[in-house]
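The values are calculated or read from the model by the stated rules, or taken from the named source; none is laboratory data. The shown structure was predicted, so the numbers you read here are calculated from the model rather than taken from an experiment. Because the Cβ atoms are built from the backbone with ideal geometry, glycine has one as well, and the counts that use them run over all protein chains shown.
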Amino acid sequence: MTEPLTAASLAEAPSDALLVIAPPGTGKTELLARRAAVLIERLEPHQKILALTFSNKAKRNLGARLQRELGTIRFRRYIRVRNFHGHAAEILRSHGRTLGLDPAFAMPDARTLTRALETEVGNDWTAREAIARALREAKQGARDDSEVAELLERVDLRAAGLERGRVAAGILHYDDLLRHAQRLLHVDAIAELYQRHYGAVLVDEFQDLSMQQLDLAIRSCTARRTFVGDPLQGIYTWAGAEPTQVEATLRQMCGSPYTLTVSYRSSPAVLAVVNAAAEELGGEQLAAADPSAWRDGGVSCAVEFDSTTEEAEAIVEVCERILAQDPETSVGVIVRAAWRRKELEDALDNAHGLPRYRWDLAIDDTVLAERLRDAFRTLPTTCTVEHLRDKVLALIDPADVDTYQQAAEALEMLEELAGPTGAASKALDQLTIRADDRPIEPGVHLLNAHTGKGQQFDWVIIVGLDDGHIPSFQASDSEALAEEQRVLLVMLSRARHGLILTRAQQHLSKVGRPYPKSPSRWWRLVADPCSTPWSELRHHLTDT
Ligand SMILES: Nc1ncnc2c1ncn2[C@@H]1O[C@H](COP(=O)(O)OP(=O)(O)OP(=O)(O)O)[C@@H](O)[C@H]1O
């Protein structure tokens, strides 16, 4: 049985093991911040709280909320915010020797595996995926190298060959970090060190955990555990998340979950659409915490265009109007798949003066951009990107794998921007982003469903509710379709004030020939509850 409660009272729950399963925008991340404040009082002297997340963005988001709740001094004193790879890398650096691993191992880069796959099978994407999956599955357990090798010999010979190459080269791949850390935490004496150090563990978005990650979280802290998440937002099973098994284990460990049903994020107009999508998935219906706080109750609008070109131009115009009305507004333009945003990217490129960020480009990360500029200031102005690379990478904490990888990718892009001379100044001049301590800057953010997870924008525009795009044409069985429906829910529920859904009746082929496209199977489901006609949207955006 679940019972509705407020986040504030839940944060105070006396139980040491707390599980919260609640819909989007109900304050789960906020609850973790409040819970941290309560748990600090229960720690033994010198103990800390481990807060675990997945991506760097999620890490910053949770870190910012914890810092706001606790203040800088208590935050620094008591909290360690880590993503799983970073936590695993720290464990390996400190204790890897116990298993014969070199603690000074070279930091893995997700591209190491990509390059090896490229060499092995070129552009045969099916083979690449099969090998990558075999490797991932073989490493989803506390296995040593020989156990992994033995397993791979039985399931995929090409994966086994690739793994032999890795071992011979003495390098680690990304998944090896988690595997070795898990092995180390299975050594009681090592686990005890972490368990004495961490008096509490907080985990956001538990539905994205693999059983291996859950094991790392549980073994790192036995005293007080808080897990929050929403299985209806589980969109990472393709990457190894095991939401059903994880939830079952958590229910056993923590008892019945608590839930929250008031949205602090979205306007009533947005919630009408979110609720329609959630209902189909068997989810709870949400009510806005303060419906009167939203001008006109918010906006939800669904619009069909004749062509993707017309759609792209209209989206840019709407973004311009939104930002003209209030330059402090954030607009998330979410496109499920990269192939569907070609026309939109062109239109955005032609829209001068519109602040915009592409979330899949490492360089569009303001914190990272500032890190690059800081490093450049310490070098001669004539230095090359190569010099900058050495400087930047040397300054990153080697345990912070994700930042390291993000920086490596950004530097690769800078190299392209620098051109044949390799001049760092030329490349950096092309970066227009300024650091800002707000987690999401005002302006237009172009992203895909997965990078938008856990985030929120004043306005969200979901582009391309067409068949083959949402759901993806690759989703062939019922499980994959259910995950696509959850992807849709995640996209919809990022919106605060306004939500705009678009689709286009005609698409352009690769050679520029138009062809008809039918609507997404979920078009009516989400378009029908929209309450703002397209013709009235302009009025809403000009009438202040
Ligand atoms: N009790 C509260 N009072 C006022 N605002 C709140 C409260 N709880 C959360 N919020 C605000 O509501 C928004 C959504 O909260 P939060 O991100 O914690 O939701 P969530 O449940 O983690 O969402 P998601 O599942 O989509 O990640 C944030 O802007 C947060 O600051």
**Prompt:** What's the number of the condition residue 368 fails, among (1) assigned by TED's automatic domain parsing to the domain that holds residue 491; (2) under 22 Å from the mean Cα position of the chain (by Cα)?
**Reply:** (1)
**Item:** helices (runs of 4 or more DSSP H) fully within region 32-117 counting 2 or more residues that are away from the ligand (no atom under 16 Å from the Cβ)
**Value:** 72-78, 84-95
**Item:** Unmet requirement for residue 277, which otherwise passes all of (1) free of Cβ contacts under 8 Å to residues at least 12 places away in the same chain; (2) closer than 30 Å to residue 521 by Cα
**Value:** (1)
**Prompt:** Is there any pair with a first residue in region 435-457 that is at positive phi and a second that is near the ligand (Cβ under 10 Å from one of its atoms) and modelled with pLDDT of 85 or more whose Cβ atoms are under 6 Å apart and which are 6 or more apart or on different chains, and what are they?
**Reply:** none
**Failed condition for residue 252, given (1) within 25 Å of residue 484 (Cα to Cα); (2) free of Cβ contacts under 8 Å to residues at least 12 places away in the same chain** = (1)
**Message:** Tell me yes or no: at least one residue of region 462-473 is assigned by TED's automatic domain parsing to the domain that holds residue 345, touching a strand residue (DSSP E or B) at 6+ places or on another chain (Cβ under 8 Å) and closer than 30 Å to residue 63 by Cα.
**Reply:** yes
**Item:** Tabulated pairs, region 501-513, first farther than 22 Å from residue 274 by Cα, second in a loop (DSSP other than H, G, I, E, B), C-beta under 6 angstrom, 6+ apart or interchain
**Value:** 507/517
**Asked** Does at least one position in region 60-74 carry a residue that is among the acidic types (Asp, Glu) and crowded, with 17+ Cβ neighbours inside 10 Å?
**Response** yes
**Prompt:** Which condition does residue 222 not pass, out of (1) surrounded by fewer than 22 Cβ atoms within 10 Å (Cβ to Cβ); (2) within 16 Å of the ligand (Cβ to nearest atom), if it passes all the others?
**Reply:** (2)
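A quick yes/no check of all residues on (1) modelled with pLDDT under 90; (2) surrounded by fewer than 19 Cβ atoms within 10 Å (Cβ to Cβ):
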| position | (1), (2) |
| --- | --- |
| 111 | yes, yes |
| 155 | no, yes |
| 166 | no, no |
| 173 | yes, no |
**Item:** Filter result for the condition that a residue is surrounded by fewer than 18 Cβ atoms within 10 Å (Cβ to Cβ) and small (Gly, Ala, Ser), over 189, 159
**Value:** 189
**Complete:** Flagged pairs (Cβ under 8 angstrom, 6 or more apart or on separate chains; first in region 7-26, in contact (Cβ under 8 Å) with a residue 60 or more places away in the chain and farther than 18 Å from residue 252 by Cβ; second part of a helix (DSSP H, G or I) and among the polar types (S, T, N, Q)) are 24/233
**Message:** Return the residues of region 232-247 that are over 25 Å from residue 187 (Cα atoms), part of a helix (DSSP H, G or I) and either modelled with pLDDT under 95 or not charged (D, E, K, R) (or both); say none if nothing qualifies.
**Reply:** 232, 233, 237, 238, 239, 243, 244
**Fill in**
If we ask which residues in region 43-63 are in contact with a Lys or Arg (Cβ under 9 Å, 6 or more places away or on another chain) and either among the aliphatic types (A, V, I, L, M) or at pLDDT 95 or above (or both), their number turns out to be 8
**Message:** Looking at region 106-113, can you tell me whether even one residue there is over 18 Å from the mean Cα position of the chain (by Cα), of a type in the set (A, V, I, L, M), under 22 Å from residue 455 (Cβ atoms) and not assigned by TED's automatic domain parsing to the domain that holds residue 452?
**Reply:** no
**Message:** For region 278-293, give me each residue that is within 13 Å of the ligand (Cβ to nearest atom), of a type in the set (A, V, I, L, M, F, W, C) and either more than 22 Å from residue 483 (Cβ to Cβ) or assigned to a helix (DSSP H, G or I) (or both).
**Reply:** 278, 288, 289, 293
**Request:** Could you tell me whether region 1-9 includes any residue that is part of a strand (DSSP E or B), farther than 17 Å from residue 203 by Cβ, more than 18 Å from the chain's Cα centre (by Cα) and more than 10 Å from the ligand (Cβ to nearest atom)?
**Result:** yes
**Message:** Need a quick list: helices (runs of 4 or more DSSP H) entirely within region 437-544 having at least 3 residues that are surrounded by 21 or more Cβ atoms within 10 Å (Cβ to Cβ) and at pLDDT 90 or above.
**Reply:** 478-492
**Message:** The conditions are (1) surrounded by 15 or more Cβ atoms within 10 Å (Cβ to Cβ); (2) in the same structural domain as residue 165 (by TED's automatic domain parsing); (3) in a loop (DSSP other than H, G, I, E, B), and residue 120 fails exactly one of them. Which is it?
**Reply:** (3)
